[in-house]
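The values are calculated or read from the model by the stated rules, or taken from the named source; none is laboratory data. This one's a predicted model, so the numbers in the text were calculated from it and none came from an experiment. Counting neighbours? That spans all protein chains shown, and the Cβs are built from the backbone with ideal geometry, glycine included. Just the protein is used for accessible areas: all its heavy atoms, side chains included, with ligands, DNA and RNA removed. Shrake-Rupley method; radii C 1.70, N 1.55, O 1.52, S 1.80 Å.
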Amino acid sequence: MYDYLIIGNGIAGLSATEEIRNRDESATILIVSDEKPSTYWRTRLSDLISKDFEEDEIYVKKQPWYSEKKIEERLETKVEKLIPEKNIAILENGEEIEYGKALIATGARAFVPPITNIDSKGVFAIRTVDDLRNFKEYVSDKKEVVVIGGGILGLEAAFSAKKLGLDITVIESFDYLLARQLDRDLSGKLEDKLNEIGIKTITGKNTQEILTKDSEVSGIKLEDGTEISADAIMVQAGVRSNIKMAQESGLETDRGVMVDEHLRTANEDIFAAGDCAQIGNFTIGLWTSSQEMGKIAGHNMTGDEESYIQPKPFSTLLLGDIKLFSAGMNSGEGVTEESEEKYGKIYKLFKKDDSYVGGILWGDIKYQTDVKNIVFNGKDIAETKLGTEIFGK
């Protein structure tokens, strides 16, 4: 019998564990994860494509933290399902574990589009340390890599892979890169910058087929018939919540595991947090959000009733000399404030009705707190350094 069972050791699971231990020094806590390593910095995976590393370098908490905190881990172990009415978890090997409270923090998996031959040797979706190692080993004697997906993660992975000396082509199905973060003008500027550093970009095109030779990747074919040679494919097309275990347990699911604002499922002893959790219509696949959700879930599992407030959308992209920050809505709203480009720096604010709804910083991101305050908190632009120093308010 464990007081607390944490299923999944991503940042949500670890944050919940840490919060539970901070609030309850004597409780028994078990983390069960089907991954091999302890919790690691998943956000570093793209950067590590071009770097050598030792596994313990990327752990969020290293031993002896777990033993000092009396937190038990069972790695490479899968929970098949929960029996909510009995507070029992059944492992894949049939073993039963009794718990007081359980947290489902099973995270998400990479979304792999239904492209012809997508299962061919040489296609990778990097979501775990094992995925990363397998990719690096495979491309060690290769030359050309195609990245399917031109979002933040796709561009970070492409930039890192370029450092290995690989020829990189990014395919984005939308009309322009980072459509959620940038307007068309700055997206075009980003594309030019990527092309300058040797990353080819193709936008507004869907991949129809993975081309193969002797069952290994040899290229891709786009829907318009264009063929591009490639020795390997990296898929960065988003994620999907891991909800199978919750479904097997009879819990309510949609795109994620349904929870209320306290991150509790319909069963009072079962919570969910992180990439696998869904509040209302939203699942949020962000590291910082998962960390916060885990902390609040841990708080509430020990008897509190703290609410999780959905975060406001903002993004940062740092690729060598390319630096940009984006917050809120940045397309279709019309630019209200825009500085002239000076020394490669651009500042934009977008307005709808009488309110600022979005902003972009290009080349200089030190005003990001100001942008968030203006866009998300309604702060008067004249009361910020961005307003006084850049826009002369």
- Over the chain: helical MRE at 222 nm, DSSP H runs n ≥ 4 each giving -39500 (n - 2.57), nearest 500: -6000 deg cm²/dmol
- Message: What Kirkwood Rh does the chain have if only Cα atoms enter the pairwise 1/r average? Answer in Å.
- Response: 22.8 Å
- So, by mean Cβ neighbours within 10 angstrom, what's the order for 46-53, 158-165 with the highest one leading? 158-165, 46-53
- Any idea what log10 I(q)/I(0) is at q = 0.17, 0.19, 0.27 Å⁻¹ for the range 314-390, Debye with uniform C-alpha scatterers and no solvent? -0.58, -0.72, -1.41
- Message: Skipping prolines and chain starts, which residues have an amide H placed within reach, meaning under 5 Å, of the one on Val123, given they are 5 or more residues away or on another chain?
- Response: Ile233
- Size of the dipole of the range 1-112 about the Cα centre, Lys and Arg at +1 and Asp and Glu at -1 on the beta carbon, nothing else charged, in debye to 20? 320 debye
- Please list, in chain and number order, the residues 5+ apart from Ile6 or on another chain whose amide H is under 5 Å from its amide H, with Hs placed from the backbone. Leu30, Ile31, Val32, Leu103
- Item | 17 Å Cα-Cα reach of Lys189 towards aspartates and glutamates, excluding residues that sit fewer than 8 places from it in its own chain | Glu156, Glu172, Asp175, Asp321, Glu338, Glu340, Glu341, Asp364
- Just the accessible area for Ile115, please: 1.4 Å probe, Å², rounded to the nearest 10? 20 Å²
- Give me the angle, in degrees from 0 to 90, between the Cα long axis of helix 129-138 and the longest principal axis of the Cα atoms of the chain, rounded to the nearest 10. 50 degrees
- Task: Specify the longest stretch of the chain that does not include any exposed loop site, a site being one of the GluC sites (Glu not before Pro) with a non-H, G, I, E, B DSSP assignment and at most 16 other Cβ atoms within 10 Å.
- Result: 96-222
- Query: For the range 111-238, what is the charge dipole size about the Cα centre, in debye to the nearest 20, if Lys and Arg each add +1 at the Cβ and Asp and Glu each add -1 at the Cβ?
  - Reply: 300 debye
- Note on the structure: Long-range amide H partners of Val257, meaning residues 5 or more apart or on another chain whose placed amide H is closer than 5 Å, are Ala277, Gln278
- Message: Among Gly363, Val335, Ser315, whose Cα projects farthest towards the positive end of the dipole of the range 314-390, with charges put on the beta-carbon of Lys, Arg (+1) and Asp, Glu (-1)?
- Response: Ser315
- FRET efficiency for Glu338 and Lys61, using Cβ-Cβ distance with R0 set to 35 Å, rounded to 0.05: 0.20
- Message: If the only charges are +1 at each Lys and Arg Cβ and -1 at each Asp and Glu Cβ, what is the size of the charge dipole of the chain around the Cα centre, to the nearest 20 debye?
- Response: 780 debye
- Got a sec to turn the phi values of the range 371-380 into Karplus ³J(HN,Hα) couplings, 6.51 cos²θ - 1.76 cosθ + 1.60 with θ = phi - 60°, whole Hz, x for Gly and Pro? 4, 4, 5, 5, 7, 8, 10, x, 5, 5
- Table column - 3J(HN,Hα) (Hz), the range 55-70, Karplus curve with 6.51, -1.76, 1.60, x for Gly and Pro: 4, 5, 5, 9, 6, 6, 10, 9, 4, x, 4, 4, 5, 5, 8, 6
